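The values are calculated or read from the model by the stated rules, or taken from the named source; none is laboratory data. In this text, all values refer to a predicted model and were calculated from it rather than measured experimentally. Cβ coordinates were reconstructed from backbone atoms using ideal geometry, including for glycine residues, and neighbour counts include every protein chain displayed. These area figures cover heavy atoms from the full protein model, side chains too; ligands, DNA and RNA do not enter into them. Shrake-Rupley method; radii C 1.70, N 1.55, O 1.52, S 1.80 Å.
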Amino acid sequence: MNTAVINILPQHIQIIRSHAENTYPEECCGIILGYLENQTKTVIEIIPTENAWSAESSNFAHNETEYSERRRYAIAPQVMLQVQKSARDKSLNIIGIYHSHPDNPAIPSECDRQYAWPAYSYIIVSVQNGKANELLSWSLDDQHQFQLETIDTINLAT
């Protein structure tokens, strides 16, 4: 049983939802920065990125090149590296990736599973007819299968 929890602020969820709606009908993607303590990930920053699928699809399995940004996403390696360095400077880590599923449920695809990294959270937002809908978070178990994570929306006192 997966007891993983991801803590996230309402404004982080809004950034993801807005990015998903603004890129519809294509998939959006971005990087989640934060830290892991015990089984709990805490989101500190959401970094929207460009969907670089067209430029990066040749780095994936041969049969994946037929897809477009409407059905796939990729974050350019140089962007991942740049964000990783920036995160380290802030004593943070990349703890996950988010992306949207235009006109599809917020459930990981087989492609999502194949290319997912252990220990990362994968937040997926379903966008139906241009409107952000269900938002779920997933992580891989020891059998490299996705399990639902609990999303705790936190509010910080000002």
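Within the accessible surface of the chain, defined with a 1.4 Å probe on protein heavy atoms only, the carbon and sulfur portion equals 48 percent. The stretch 71-132 and the stretch 32-47 have their alpha-carbon centroids 13 Å apart. Once both labels are positioned 7 Å from their Cα atoms along Cα-to-Cβ, the gap between Glu56 and Arg113 label points is 2.1 nm.
By the compact-protein rule of thumb, 2.2 N^0.38 Å, the alpha-carbon radius of gyration of the chain corresponds to a ratio of 0.99. Peptide packing: for 10-17, 80-87, 23-30, 117-124, the average count of neighbouring Cβ atoms within 10 Å per residue gives the ranking 23-30, 117-124, 10-17, 80-87, highest mean first. Where both bridge residues fall in the chain, DSSP classifies roughly 65% of the beta bridges as antiparallel. Say the dipole of the chain comes from +1 at the beta carbon of Lys and Arg and -1 at that of Asp and Glu; which of Leu92, Ile75, Thr3 then lies farthest toward its positive end? Final value for the positive-end residue is Leu92. Can you tell which of His144, His19, His99 shows the greatest fluctuation in a Gaussian network model of the chain with Cα springs below 10 Å? Fluctuation is largest for His144. Short-range pairs are left out: with C-alpha atoms under 8 Å and at least six residues apart, the relative contact order of the chain is 28 percent. Compute the acute angle (0 to 90°) between the alpha-carbon long axis of helix 77-89 and the principal axis of greatest extent of the alpha-carbon atoms of the chain; round to the nearest 10°. That helix lies at roughly 10 degrees to the long axis.
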